Amino acid sequence: MTSSGEIIELAKRRGFFWQSSLIHGNVSGFYDYAHLGSMLKRKWESEWRRFFLGLDDNFYEIQASVIMPEAVFRASGHLQHFVDPVVKCGKCGNTERADHILEAELKENFEGLTPEEMTNLISKHKIKCPKCRGQLESTGVFNMLFPMKVGAGKDVQVCYLTGETAQGAYVNFRQEYEALRKRLPMGLAIVGKAFRNEIAPRNALIRMREFTQAELQIFFDPDTMGEHPRFDEVKGYRLRLFPVDSRKGGKILSITCEDAVKKMKLPRFYVYHMARIQQFYLDRLRLPGNRFRFRQLSDEEKAFYNKHHWDIEIDLPSLGGWKECAGCHYRTDHDLKGHQEVSGQSMVVDADGKKVLPHVLELSFGVDRNIYALLELAYREEKVGKDTRSVLIFPRLVSPFDAGVFPLVKKDGLPEKAREVQKVLEDSGFSVFYDESGSIGRRYRRIDEVGVAAGITIDYDSMKNSDVTVRDRDSMNQIRVKIEELPGVLRSFMKGSELKGLEKR
Ligand code: GAP
(Lines give C-alpha, C1' and ligand atoms only; values in the text may rest on other atoms or scores of the structure.)
Protein backbone atom coordinates (compact mmCIF):
# COMPACT_ATOMS: atom_id res chain seq x y z
CA MET A 1 0.00 0.00 0.00
CA THR A 2 1.14 3.52 -0.79
CA SER A 3 1.07 6.07 2.05
CA SER A 4 -0.20 9.62 1.67
CA GLY A 5 3.41 10.80 2.23
CA GLU A 6 4.51 8.71 -0.77
CA ILE A 7 1.72 10.10 -2.98
CA ILE A 8 2.65 13.67 -2.00
CA GLU A 9 6.33 12.96 -2.62
CA LEU A 10 5.55 11.41 -6.03
CA ALA A 11 3.43 14.45 -6.95
CA LYS A 12 6.35 16.71 -6.11
CA ARG A 13 9.00 14.66 -7.89
CA ARG A 14 7.08 14.29 -11.13
CA GLY A 15 5.63 17.81 -11.29
CA PHE A 16 1.98 17.46 -10.25
CA PHE A 17 1.75 19.69 -7.16
CA TRP A 18 3.72 21.02 -4.23
CA GLN A 19 3.38 23.46 -1.36
CA SER A 20 2.93 27.07 -2.35
CA SER A 21 5.57 29.81 -1.89
CA LEU A 22 8.09 27.32 -0.55
CA ILE A 23 11.10 29.52 -1.35
CA HIS A 24 9.80 31.89 1.36
CA GLY A 25 8.77 29.19 3.83
CA ASN A 26 5.19 28.10 3.41
CA VAL A 27 1.84 28.70 5.08
CA SER A 28 0.13 25.34 5.41
CA GLY A 29 -3.01 24.56 3.44
CA PHE A 30 -1.91 26.21 0.18
CA TYR A 31 -0.70 24.23 -2.83
CA ASP A 32 0.44 25.09 -6.35
CA TYR A 33 -0.23 22.85 -9.33
CA ALA A 34 2.92 22.21 -11.35
CA HIS A 35 2.95 21.58 -15.13
CA LEU A 36 1.54 18.02 -15.13
CA GLY A 37 -0.88 18.69 -12.29
CA SER A 38 -2.28 21.70 -14.13
CA MET A 39 -2.88 19.58 -17.24
CA LEU A 40 -4.48 16.77 -15.24
CA LYS A 41 -6.71 19.20 -13.33
CA ARG A 42 -7.74 21.04 -16.49
CA LYS A 43 -8.70 17.77 -18.16
CA TRP A 44 -10.71 16.59 -15.14
CA GLU A 45 -12.53 19.93 -15.10
CA SER A 46 -13.22 19.70 -18.86
CA GLU A 47 -14.68 16.22 -18.49
CA TRP A 48 -16.78 17.42 -15.54
CA ARG A 49 -18.12 20.30 -17.64
CA ARG A 50 -18.78 18.10 -20.65
CA PHE A 51 -20.65 15.56 -18.56
CA PHE A 52 -22.69 17.70 -16.17
CA LEU A 53 -23.47 20.65 -18.43
CA GLY A 54 -24.51 18.05 -21.00
CA LEU A 55 -27.28 16.76 -18.74
CA ASP A 56 -29.74 19.50 -19.70
CA ASP A 57 -29.77 22.25 -22.32
CA ASN A 58 -30.75 24.74 -19.60
CA PHE A 59 -27.52 24.13 -17.61
CA TYR A 60 -24.81 26.80 -18.02
CA GLU A 61 -21.47 27.70 -16.53
CA ILE A 62 -20.92 31.12 -14.97
CA GLN A 63 -17.96 32.81 -13.28
CA ALA A 64 -18.53 34.76 -10.09
CA SER A 65 -16.30 36.91 -7.92
CA VAL A 66 -14.70 35.14 -4.96
CA ILE A 67 -14.86 38.30 -2.82
CA MET A 68 -18.39 39.11 -1.69
CA PRO A 69 -19.96 41.56 0.75
CA GLU A 70 -20.88 40.58 4.29
CA ALA A 71 -24.60 40.53 3.44
CA VAL A 72 -24.07 37.46 1.22
CA PHE A 73 -22.78 35.47 4.17
CA ARG A 74 -25.47 36.75 6.50
CA ALA A 75 -28.00 35.53 3.94
CA SER A 76 -26.28 32.15 3.49
CA GLY A 77 -25.89 31.55 7.22
CA HIS A 78 -22.08 31.28 6.94
CA LEU A 79 -21.50 34.06 9.48
CA GLN A 80 -23.34 32.09 12.15
CA HIS A 81 -22.90 28.45 11.13
CA PHE A 82 -19.68 28.05 9.13
CA VAL A 83 -17.78 26.97 12.22
CA ASP A 84 -15.54 24.12 13.28
CA PRO A 85 -15.25 22.79 16.84
CA VAL A 86 -11.83 23.67 18.27
CA VAL A 87 -10.04 22.66 21.39
CA LYS A 88 -6.93 24.27 22.86
CA CYS A 89 -4.28 22.71 25.06
CA GLY A 90 -3.99 24.62 28.36
CA LYS A 91 -0.29 23.72 28.59
CA CYS A 92 1.29 24.23 25.11
CA GLY A 93 -1.45 26.27 23.37
CA ASN A 94 -1.75 23.75 20.48
CA THR A 95 -5.19 24.23 18.89
CA GLU A 96 -6.87 21.43 16.93
CA ARG A 97 -10.28 20.35 15.68
CA ALA A 98 -12.01 18.60 18.54
CA ASP A 99 -13.71 16.06 16.25
CA HIS A 100 -10.33 15.15 14.70
CA ILE A 101 -8.77 14.56 18.13
CA LEU A 102 -11.73 12.40 19.12
CA GLU A 103 -11.61 10.49 15.83
CA ALA A 104 -7.87 9.80 16.20
CA GLU A 105 -8.32 8.51 19.77
CA LEU A 106 -11.63 6.65 19.53
CA LYS A 107 -11.56 5.58 15.83
CA GLU A 108 -15.06 6.85 15.11
CA ASN A 109 -16.49 9.81 13.23
CA PHE A 110 -17.68 12.56 15.58
CA GLU A 111 -18.64 15.22 13.03
CA GLY A 112 -21.86 16.99 13.93
CA LEU A 113 -21.67 16.71 17.73
CA THR A 114 -22.18 19.93 19.70
CA PRO A 115 -19.14 21.55 21.41
CA GLU A 116 -20.59 20.50 24.79
CA GLU A 117 -20.90 16.87 23.68
CA MET A 118 -17.28 16.93 22.47
CA THR A 119 -16.06 18.46 25.76
CA ASN A 120 -17.88 15.70 27.65
CA LEU A 121 -16.38 12.95 25.48
CA ILE A 122 -12.87 14.38 25.84
CA SER A 123 -13.24 14.44 29.59
CA LYS A 124 -14.95 11.00 29.79
CA HIS A 125 -12.14 9.32 27.81
CA LYS A 126 -9.43 11.42 29.54
CA ILE A 127 -8.09 12.54 26.14
CA LYS A 128 -4.96 14.69 26.32
CA CYS A 129 -3.17 17.08 23.93
CA PRO A 130 -1.65 14.94 21.14
CA LYS A 131 1.47 17.19 21.11
CA CYS A 132 2.41 17.50 24.84
CA ARG A 133 -0.15 15.34 26.71
CA GLY A 134 -1.34 18.50 28.50
CA GLN A 135 -4.90 19.11 29.68
CA LEU A 136 -7.36 20.15 26.92
CA GLU A 137 -9.67 23.11 27.57
CA SER A 138 -13.40 23.18 26.72
CA THR A 139 -14.37 22.86 23.06
CA GLY A 140 -15.21 26.17 21.38
CA VAL A 141 -16.11 27.19 17.81
CA PHE A 142 -14.06 28.91 15.11
CA ASN A 143 -15.51 30.60 12.00
CA MET A 144 -13.72 29.49 8.83
CA LEU A 145 -14.50 32.48 6.60
CA PHE A 146 -11.57 34.72 5.62
CA PRO A 147 -12.62 38.31 6.29
CA MET A 148 -11.04 41.28 4.50
CA LYS A 149 -11.37 45.02 4.28
CA VAL A 150 -12.04 46.33 0.80
CA GLY A 151 -11.39 49.99 -0.09
CA ALA A 152 -9.90 52.75 2.05
CA GLY A 153 -10.95 55.48 4.48
CA LYS A 154 -14.67 55.98 5.00
CA ASP A 155 -15.51 53.75 2.02
CA VAL A 156 -14.00 50.67 3.61
CA GLN A 157 -16.31 47.66 3.40
CA VAL A 158 -16.07 44.33 5.20
CA CYS A 159 -16.06 41.49 2.68
CA TYR A 160 -15.23 37.79 2.78
CA LEU A 161 -13.59 35.28 0.49
CA THR A 162 -16.29 32.80 -0.40
CA GLY A 163 -16.25 29.49 1.46
CA GLU A 164 -18.05 27.66 -1.38
CA THR A 165 -18.60 28.51 -5.05
CA ALA A 166 -22.35 27.95 -4.53
CA GLN A 167 -23.01 31.48 -3.29
CA GLY A 168 -21.88 32.88 -6.66
CA ALA A 169 -24.72 30.99 -8.32
CA TYR A 170 -27.34 32.08 -5.77
CA VAL A 171 -26.52 35.80 -6.00
CA ASN A 172 -26.78 35.53 -9.81
CA PHE A 173 -29.91 33.39 -9.87
CA ARG A 174 -32.51 36.12 -10.48
CA GLN A 175 -30.57 37.86 -13.28
CA GLU A 176 -29.73 34.58 -15.00
CA TYR A 177 -33.35 33.45 -14.84
CA GLU A 178 -34.38 36.66 -16.61
CA ALA A 179 -31.52 36.49 -19.13
CA LEU A 180 -32.08 32.81 -19.90
CA ARG A 181 -35.28 31.06 -20.91
CA LYS A 182 -37.28 31.75 -17.74
CA ARG A 183 -37.57 28.00 -17.37
CA LEU A 184 -37.07 25.53 -14.52
CA PRO A 185 -35.04 23.47 -13.93
CA MET A 186 -32.17 25.86 -14.55
CA GLY A 187 -28.59 24.87 -13.73
CA LEU A 188 -25.74 27.23 -12.91
CA ALA A 189 -22.29 25.67 -12.63
CA ILE A 190 -19.15 27.25 -11.23
CA VAL A 191 -15.68 25.76 -11.37
CA GLY A 192 -13.72 28.03 -9.09
CA LYS A 193 -11.92 28.71 -5.86
CA ALA A 194 -13.28 28.38 -2.33
CA PHE A 195 -11.49 29.54 0.80
CA ARG A 196 -11.71 28.16 4.33
CA ASN A 197 -9.49 28.99 7.26
CA GLU A 198 -9.14 25.33 8.20
CA ILE A 199 -7.70 24.84 11.69
CA ALA A 200 -5.70 21.81 10.70
CA PRO A 201 -5.01 21.57 6.96
CA ARG A 202 -3.62 18.13 6.16
CA ASN A 203 -2.83 15.51 3.54
CA ALA A 204 -1.98 18.09 0.87
CA LEU A 205 -4.96 18.41 -1.49
CA ILE A 206 -7.39 16.77 0.92
CA ARG A 207 -7.83 19.56 3.46
CA MET A 208 -6.68 22.91 2.11
CA ARG A 209 -7.37 26.54 2.92
CA GLU A 210 -7.73 27.50 -0.74
CA PHE A 211 -9.18 24.85 -3.02
CA THR A 212 -11.16 24.36 -6.22
CA GLN A 213 -14.76 23.25 -6.33
CA ALA A 214 -16.84 22.25 -9.33
CA GLU A 215 -20.42 22.81 -8.28
CA LEU A 216 -23.69 22.64 -10.16
CA GLN A 217 -26.70 24.34 -8.57
CA ILE A 218 -29.95 23.05 -10.08
CA PHE A 219 -32.91 25.36 -9.40
CA PHE A 220 -36.23 23.54 -9.70
CA ASP A 221 -39.89 23.65 -8.77
CA PRO A 222 -40.24 21.62 -5.52
CA ASP A 223 -43.58 20.25 -6.72
CA THR A 224 -41.65 18.32 -9.42
CA MET A 225 -39.22 16.66 -6.96
CA GLY A 226 -41.00 13.33 -7.32
CA GLU A 227 -40.27 13.08 -11.03
CA HIS A 228 -37.62 13.53 -13.68
CA PRO A 229 -38.39 13.40 -17.41
CA ARG A 230 -35.41 11.10 -18.04
CA PHE A 231 -35.82 8.86 -14.98
CA ASP A 232 -36.65 5.86 -17.18
CA GLU A 233 -33.12 5.99 -18.60
CA VAL A 234 -31.68 5.17 -15.15
CA LYS A 235 -34.47 3.28 -13.37
CA GLY A 236 -32.73 -0.11 -13.73
CA TYR A 237 -29.26 1.30 -13.03
CA ARG A 238 -27.73 0.03 -9.79
CA LEU A 239 -26.44 2.54 -7.26
CA ARG A 240 -23.75 1.68 -4.70
CA LEU A 241 -25.26 2.95 -1.47
CA PHE A 242 -24.02 3.02 2.10
CA PRO A 243 -27.04 4.18 4.11
CA VAL A 244 -26.89 5.22 7.76
CA ASP A 245 -28.48 1.95 8.90
CA SER A 246 -25.79 -0.12 7.11
CA ARG A 247 -22.96 1.49 9.03
CA LYS A 248 -22.55 -1.19 11.70
CA GLY A 249 -22.34 -4.05 9.20
CA GLY A 250 -20.24 -1.98 6.78
CA LYS A 251 -22.15 -3.43 3.79
CA ILE A 252 -22.58 -1.43 0.59
CA LEU A 253 -25.97 -2.02 -1.04
CA SER A 254 -26.31 -2.43 -4.79
CA ILE A 255 -29.81 -1.21 -5.50
CA THR A 256 -31.64 -0.02 -8.61
CA CYS A 257 -32.71 3.60 -8.90
CA GLU A 258 -36.31 2.41 -8.95
CA ASP A 259 -35.83 0.61 -5.61
CA ALA A 260 -33.99 3.62 -4.16
CA VAL A 261 -37.19 5.58 -4.83
CA LYS A 262 -39.59 2.89 -3.60
CA LYS A 263 -37.72 1.37 -0.68
CA MET A 264 -35.58 4.26 0.54
CA LYS A 265 -38.19 6.96 -0.11
CA LEU A 266 -35.76 9.12 -2.08
CA PRO A 267 -37.30 11.50 -4.65
CA ARG A 268 -36.87 10.62 -8.34
CA PHE A 269 -35.30 13.99 -9.12
CA TYR A 270 -32.61 13.32 -6.51
CA VAL A 271 -32.00 9.68 -7.47
CA TYR A 272 -31.72 10.57 -11.18
CA HIS A 273 -28.80 12.87 -10.37
CA MET A 274 -27.18 10.30 -8.07
CA ALA A 275 -27.18 7.90 -11.02
CA ARG A 276 -25.56 10.49 -13.28
CA ILE A 277 -22.87 11.21 -10.67
CA GLN A 278 -22.06 7.49 -10.36
CA GLN A 279 -21.97 7.18 -14.17
CA PHE A 280 -19.52 10.09 -14.31
CA TYR A 281 -17.14 8.21 -12.02
CA LEU A 282 -17.62 4.64 -13.22
CA ASP A 283 -18.34 5.02 -16.95
CA ARG A 284 -16.62 8.28 -17.84
CA LEU A 285 -13.62 8.16 -15.50
CA ARG A 286 -13.56 4.35 -15.30
CA LEU A 287 -13.12 4.24 -11.55
CA PRO A 288 -13.36 0.61 -10.37
CA GLY A 289 -16.89 0.13 -8.97
CA ASN A 290 -15.66 -1.28 -5.66
CA ARG A 291 -13.77 1.95 -4.90
CA PHE A 292 -16.93 4.09 -5.12
CA ARG A 293 -19.94 4.56 -2.86
CA PHE A 294 -22.60 7.06 -1.82
CA ARG A 295 -22.55 7.52 1.96
CA GLN A 296 -25.70 8.82 3.58
CA LEU A 297 -25.14 11.43 6.26
CA SER A 298 -27.00 11.19 9.54
CA ASP A 299 -29.15 14.07 10.79
CA GLU A 300 -26.32 15.15 13.12
CA GLU A 301 -23.73 15.12 10.33
CA LYS A 302 -25.55 16.91 7.53
CA ALA A 303 -25.90 20.69 7.29
CA PHE A 304 -29.18 21.77 8.93
CA TYR A 305 -30.61 22.96 5.58
CA ASN A 306 -29.88 19.75 3.66
CA LYS A 307 -32.93 17.51 3.49
CA HIS A 308 -31.16 14.75 1.59
CA HIS A 309 -27.39 14.48 1.76
CA TRP A 310 -25.27 11.63 0.41
CA ASP A 311 -21.53 12.08 0.03
CA ILE A 312 -19.59 10.53 -2.80
CA GLU A 313 -16.71 8.59 -1.30
CA ILE A 314 -13.70 6.96 -2.95
CA ASP A 315 -11.74 4.20 -1.24
CA LEU A 316 -8.24 5.62 -0.74
CA PRO A 317 -6.10 3.31 1.42
CA SER A 318 -3.36 5.97 1.68
CA LEU A 319 -5.85 7.99 3.78
CA GLY A 320 -7.15 5.04 5.78
CA GLY A 321 -10.08 4.14 3.49
CA TRP A 322 -13.20 5.90 2.26
CA LYS A 323 -12.79 9.63 1.70
CA GLU A 324 -15.44 12.21 0.78
CA CYS A 325 -14.69 13.71 -2.64
CA ALA A 326 -18.08 15.18 -3.56
CA GLY A 327 -21.64 15.55 -2.28
CA CYS A 328 -25.22 15.48 -3.55
CA HIS A 329 -27.18 18.00 -1.48
CA TYR A 330 -30.88 18.79 -1.57
CA ARG A 331 -30.65 22.30 -0.04
CA THR A 332 -34.42 23.05 -0.24
CA ASP A 333 -35.23 26.80 -0.46
CA HIS A 334 -32.68 27.68 2.22
CA ASP A 335 -30.41 29.66 -0.07
CA LEU A 336 -32.79 31.68 -2.19
CA LYS A 337 -34.99 32.39 0.83
CA GLY A 338 -31.99 33.70 2.79
CA HIS A 339 -30.84 35.96 -0.06
CA GLN A 340 -34.41 37.16 -0.55
CA GLU A 341 -34.75 38.11 3.12
CA VAL A 342 -31.43 39.89 3.45
CA SER A 343 -31.45 41.67 0.05
CA GLY A 344 -35.15 42.52 0.09
CA GLN A 345 -35.35 41.31 -3.54
CA SER A 346 -37.85 38.64 -4.41
CA MET A 347 -36.47 35.33 -5.67
CA VAL A 348 -39.94 34.10 -6.60
CA VAL A 349 -40.11 33.54 -10.34
CA ASP A 350 -42.80 33.01 -12.88
CA ALA A 351 -42.44 29.47 -14.24
CA ASP A 352 -45.07 28.66 -16.88
CA GLY A 353 -47.57 30.99 -15.22
CA LYS A 354 -46.89 29.61 -11.72
CA LYS A 355 -45.18 31.61 -8.94
CA VAL A 356 -42.30 29.52 -7.57
CA LEU A 357 -39.55 30.03 -5.02
CA PRO A 358 -37.17 27.45 -6.52
CA HIS A 359 -35.46 24.78 -4.46
CA VAL A 360 -31.85 23.81 -5.07
CA LEU A 361 -30.22 20.46 -5.75
CA GLU A 362 -26.48 20.90 -5.50
CA LEU A 363 -23.90 18.56 -7.03
CA SER A 364 -20.71 19.62 -5.29
CA PHE A 365 -17.25 18.26 -6.16
CA GLY A 366 -13.89 19.01 -4.54
CA VAL A 367 -11.62 19.10 -7.58
CA ASP A 368 -8.36 18.80 -5.61
CA ARG A 369 -9.54 15.72 -3.69
CA ASN A 370 -10.46 14.15 -7.01
CA ILE A 371 -6.99 14.90 -8.35
CA TYR A 372 -5.40 13.27 -5.29
CA ALA A 373 -7.67 10.26 -5.81
CA LEU A 374 -6.68 10.03 -9.48
CA LEU A 375 -3.00 9.97 -8.51
CA GLU A 376 -3.47 7.32 -5.84
CA LEU A 377 -5.60 5.10 -8.09
CA ALA A 378 -3.20 5.50 -11.00
CA TYR A 379 0.08 4.73 -9.27
CA ARG A 380 1.54 1.26 -9.89
CA GLU A 381 4.91 -0.45 -9.67
CA GLU A 382 4.73 -3.39 -12.10
CA LYS A 383 7.13 -6.22 -12.87
CA VAL A 384 8.05 -6.27 -16.57
CA GLY A 385 10.48 -9.15 -17.19
CA LYS A 386 13.37 -8.52 -14.84
CA ASP A 387 12.59 -4.82 -14.52
CA THR A 388 10.07 -2.88 -12.48
CA ARG A 389 8.09 -0.27 -14.33
CA SER A 390 6.65 2.70 -12.47
CA VAL A 391 3.48 3.82 -14.20
CA LEU A 392 0.55 6.17 -13.70
CA ILE A 393 -2.54 4.50 -15.18
CA PHE A 394 -4.81 7.54 -15.37
CA PRO A 395 -8.17 7.25 -17.10
CA ARG A 396 -7.19 8.03 -20.72
CA LEU A 397 -9.55 10.99 -20.97
CA VAL A 398 -7.74 12.85 -18.22
CA SER A 399 -4.14 11.74 -18.85
CA PRO A 400 -2.04 14.92 -18.72
CA PHE A 401 -0.67 14.20 -22.22
CA ASP A 402 -2.62 12.16 -24.75
CA ALA A 403 0.44 10.97 -26.63
CA GLY A 404 4.23 10.92 -26.64
CA VAL A 405 5.85 11.13 -30.10
CA PHE A 406 9.31 9.63 -30.61
CA PRO A 407 11.62 9.27 -33.61
CA LEU A 408 13.43 5.92 -33.26
CA VAL A 409 16.77 7.63 -33.95
CA LYS A 410 17.95 11.23 -34.21
CA LYS A 411 18.98 11.04 -37.89
CA ASP A 412 17.96 10.15 -41.44
CA GLY A 413 14.92 12.46 -41.41
CA LEU A 414 13.13 10.58 -38.58
CA PRO A 415 12.96 13.62 -36.22
CA GLU A 416 11.46 15.73 -39.03
CA LYS A 417 8.86 13.04 -39.74
CA ALA A 418 8.09 12.80 -36.01
CA ARG A 419 7.59 16.58 -35.83
CA GLU A 420 5.13 16.25 -38.75
CA VAL A 421 3.19 13.60 -36.81
CA GLN A 422 3.25 15.80 -33.72
CA LYS A 423 1.76 18.66 -35.74
CA VAL A 424 -0.95 16.45 -37.26
CA LEU A 425 -1.97 15.41 -33.75
CA GLU A 426 -1.78 18.88 -32.23
CA ASP A 427 -3.83 20.30 -35.08
CA SER A 428 -6.46 17.65 -34.26
CA GLY A 429 -6.60 18.90 -30.66
CA PHE A 430 -4.41 16.31 -28.87
CA SER A 431 -1.87 17.23 -26.20
CA VAL A 432 1.44 15.81 -27.34
CA PHE A 433 4.82 15.32 -25.71
CA TYR A 434 7.86 15.11 -28.02
CA ASP A 435 11.03 13.31 -26.95
CA GLU A 436 14.08 12.25 -28.96
CA SER A 437 16.65 11.66 -26.21
CA GLY A 438 17.74 8.24 -24.93
CA SER A 439 16.80 4.73 -25.98
CA ILE A 440 13.20 4.03 -27.01
CA GLY A 441 12.78 1.87 -23.89
CA ARG A 442 13.85 4.78 -21.67
CA ARG A 443 11.49 7.10 -23.47
CA TYR A 444 8.56 4.69 -22.94
CA ARG A 445 9.47 4.48 -19.25
CA ARG A 446 9.54 8.27 -19.02
CA ILE A 447 6.03 8.64 -20.44
CA ASP A 448 4.74 5.75 -18.30
CA GLU A 449 6.00 7.56 -15.20
CA VAL A 450 3.93 10.64 -15.97
CA GLY A 451 0.90 8.75 -17.29
CA VAL A 452 0.95 9.62 -21.02
CA ALA A 453 -1.78 7.43 -22.55
CA ALA A 454 -0.15 6.44 -25.87
CA GLY A 455 3.41 6.23 -27.21
CA ILE A 456 3.89 6.83 -30.95
CA THR A 457 7.12 5.79 -32.60
CA ILE A 458 8.39 6.82 -36.00
CA ASP A 459 10.89 4.32 -37.45
CA TYR A 460 12.48 3.56 -40.83
CA ASP A 461 9.33 1.80 -42.07
CA SER A 462 7.40 5.00 -41.30
CA MET A 463 9.54 6.79 -43.89
CA LYS A 464 8.52 4.25 -46.56
CA ASN A 465 4.95 3.42 -45.57
CA SER A 466 3.75 6.58 -43.83
CA ASP A 467 2.74 4.63 -40.76
CA VAL A 468 3.71 4.59 -37.07
CA THR A 469 3.67 2.27 -34.06
CA VAL A 470 1.13 3.12 -31.38
CA ARG A 471 1.75 1.69 -27.90
CA ASP A 472 -0.86 1.49 -25.13
CA ARG A 473 0.58 2.65 -21.78
CA ASP A 474 -1.56 0.20 -19.79
CA SER A 475 -1.27 -3.10 -21.66
CA MET A 476 1.95 -2.14 -23.51
CA ASN A 477 0.29 -3.65 -26.64
CA GLN A 478 1.34 -2.09 -29.94
CA ILE A 479 -0.30 -1.69 -33.34
CA ARG A 480 0.72 -0.19 -36.67
CA VAL A 481 -1.39 2.73 -37.96
CA LYS A 482 -1.25 4.90 -41.12
CA ILE A 483 -0.42 8.51 -40.23
CA GLU A 484 -3.54 9.76 -41.99
CA GLU A 485 -5.66 7.49 -39.79
CA LEU A 486 -3.80 8.31 -36.59
CA PRO A 487 -6.06 11.13 -35.27
CA GLY A 488 -9.19 8.95 -35.67
CA VAL A 489 -7.52 5.93 -34.07
CA LEU A 490 -6.20 8.02 -31.19
CA ARG A 491 -9.62 9.61 -30.63
CA SER A 492 -11.30 6.18 -30.33
CA PHE A 493 -8.47 4.98 -28.08
CA MET A 494 -8.83 8.00 -25.78
CA LYS A 495 -12.55 7.30 -25.48
CA GLY A 496 -11.79 3.79 -24.26
CA SER A 497 -11.46 1.46 -27.29
CA GLU A 498 -8.77 -1.18 -27.07
CA LEU A 499 -5.87 -0.77 -29.49
CA LYS A 500 -6.22 -4.26 -30.96
CA GLY A 501 -9.71 -3.50 -32.27
CA LEU A 502 -8.46 -0.34 -33.95
CA GLU A 503 -5.68 -1.89 -36.00
CA LYS A 504 -7.54 -2.50 -39.23
CA ARG A 505 -9.99 0.32 -39.73
N1 GAP B 1 -21.38 23.93 -1.56
C2 GAP B 1 -21.40 22.81 -0.72
C3 GAP B 1 -20.11 22.56 -0.10
O4 GAP B 1 -19.19 23.37 -0.17
P5 GAP B 1 -18.76 20.81 1.27
O6 GAP B 1 -19.09 19.39 1.65
O7 GAP B 1 -18.33 21.72 2.35
O8 GAP B 1 -20.06 21.36 0.53
C9 GAP B 1 -17.86 20.14 -1.08
O10 GAP B 1 -17.66 20.80 0.14
C11 GAP B 1 -16.61 19.39 -1.48
O12 GAP B 1 -15.48 20.27 -1.47
C13 GAP B 1 -16.24 18.27 -0.52
O14 GAP B 1 -16.91 17.07 -0.86
C15 GAP B 1 -14.75 18.15 -0.72
O16 GAP B 1 -14.48 17.32 -1.84
C17 GAP B 1 -14.33 19.56 -1.06
N18 GAP B 1 -13.72 20.23 0.13
C19 GAP B 1 -14.36 20.73 1.19
N20 GAP B 1 -13.47 21.28 2.05
C21 GAP B 1 -12.25 21.12 1.50
C22 GAP B 1 -10.92 21.49 1.91
N23 GAP B 1 -10.68 22.15 3.04
N24 GAP B 1 -9.89 21.17 1.09
C25 GAP B 1 -10.11 20.51 -0.08
N26 GAP B 1 -11.34 20.15 -0.50
C27 GAP B 1 -12.40 20.45 0.28
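A compact table of results
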| item | result |
| --- | --- |
| Label-reachable residues, the range 211-245, where backbone N falls under 19 Å from a point 7 Å from Lys193's Cα toward its Cβ | 211-215 |
| Acute angle (nearest 10 degrees) that the helix 414-427 long axis makes with the longest principal axis of the chain, alpha-carbon atoms | 40 degrees |
| Relative contact order (%) - criterion: Cα under 8 Å, at least six apart; region: the range 92-159 | 24 percent |
| At R0 = 41 Å, FRET efficiency that the Cβ-Cβ distance of Glu233 and Lys124 yields, to 0.05 | 0.20 |
| For the range 6-103: accessible area per residue (Å², 1.4 Å) | 47 Å² |
| Given charges at beta-carbon only (K, R positive; D, E negative), |dipole| of the chain in Debye | 1080 debye |
| Modelled FRET efficiency - R0 35 Å, Val384 with Gln19, Cβ distances, 0.05 increments | 0.55 |
| Translational D in µm²/s for the range 189-307 (Stokes-Einstein at 25 °C, 0.890 mPa s, Kirkwood Rh from C-alpha pairs) | 149 µm²/s |
| Extended-chain gain in nm, criterion 0.36 nm per residue less alpha-carbon gap, Leu53 and Arg445 | 137.4 nm |
| Volume per residue that the Cα convex hull of the chain spans, once the total is divided by residue count, Å³ | 203 Å³ |
| Sulfur and carbon atoms: percent of accessible area, the range 96-241 [1.4 Å] | 48 percent |
| Cα-only radius of gyration and Dmax that characterise the range 65-187, units Å | 20.1, 61 |
| Accessible area in square angstrom per residue, the range 345-485, 1.4 angstrom probe | 42 Å² |
| Residues Lys262 and Lys107, FRET efficiency given R0 of 30 Å [Cβ-Cβ distance, rounded to 0.05] | 0.25 |
| Nearest-ten-degree value, helix 35-53 long axis tilted from longest Cα axis of the chain | 70 degrees |
| Per the chain, cysteines lacking a partner by the 4.7 Å Cβ criterion | Cys159, Cys257, Cys325, Cys328 |
| Where labels lie 7 Å past Cα in the beta-carbon direction, separation of Met463 and Val424 in nm | 1.7 nm |
| Restricting the range 59-144 to trypsin sites (Lys or Arg not before Pro) in coil, as DSSP defines it, with at most 16 other Cβ within 10 Å | Lys91, Lys107, Lys126, Lys128, Lys131, Arg133 |
| Arg471 accessible area, 1.4 Å probe, all protein chains in place, Å² to nearest 10 | 10 Å² |
| Accessible heavy-atom area order of Asp32, Asp467, highest first, probe of 1.4 Å | Asp32, Asp467 |
| Crossing angle, helix 4-14 versus the chain [Cα axis fit, 0-90 degrees, rounded to tens] | 50 degrees |
| Net lengthening on full extension, Glu341/Lys91 (0.36 nm per residue, minus Cα-Cα) | 85.5 nm |
| Accessible area of the range 161-288 divided out per residue, in Å², using a probe of 1.4 angstrom | 40 Å² |
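The values are calculated or read from the model by the stated rules, or taken from the named source; none is laboratory data. Here the structure is a predicted model, which is why all the values come from computation and not from measurement. Every residue, glycine as well, gets a Cβ built from its backbone with ideal geometry; the counts of neighbours run over all protein chains shown. Accessible surface areas use protein heavy atoms only, side chains included; no ligands, DNA or RNA. Shrake-Rupley method; radii C 1.70, N 1.55, O 1.52, S 1.80 Å.
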